[in-house]
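For reference, the structure is listed below as structure tokens.
The values are calculated or read from the model by the stated rules, or taken from the named source; none is laboratory data. Because the structure is predicted, anything quoted here is derived from the model rather than measured. Cβ atoms come from the backbone with ideal geometry, glycine included; neighbour counts cover every protein chain shown.
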Amino acid sequence: MIFRSATAQACPVRYISPRSLMDKVLVFGTSDAGSIPAEGAMVFKLYILFSDKFAKTYVGYTSNLENRLLYHNTGKVKSTKSFKPWRIIYSEFAISSLEAKERERYWKSGAGRRKLKKIIAGSRPTFEKLGEARPI
């Protein structure tokens, strides 16, 4: 289950151990695309960076987005240091590292790159099963 957010605001929901998909739906609510898992839950955030100066994108995931963005912009990441400064253009939550890796793989695929071009152009692409994307 993917949780998208345009901001990192706290959401007033309580965490219940996700023993089944139904638990996840009841706790986090799939109807609100901006839902954020409750504090204490181990979550990962998939992110897409954009370099305005070089018109490059970078897709990755982390458990601490603010620190990771700082690493990218200070040149501590070998693959991005030549193209700084970076800004976040899209992010989404995943409840496991495996799920985050799957989403990262999607965004690096041809279909993901096509949707990414729409985000960069300013439109809001829709996802049939996941609701609407929220670009930052």
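Inside the stretch 68-116, residues that are part of a helix (DSSP H, G or I) and either touching a Ser or Thr at 6+ places or on another chain (Cβ under 7 Å) or touching a residue at least 60 places away in the same chain (Cβ under 8 Å) (or both) make up a count of 7. Checked against the criterion of being modelled with pLDDT under 60, out of contact with any His (no Cβ under 8 Å at 6 or more places or on another chain) and within 17 Å of R103 (Cβ to Cβ), the candidates F28, F44 yield just one match: F28.
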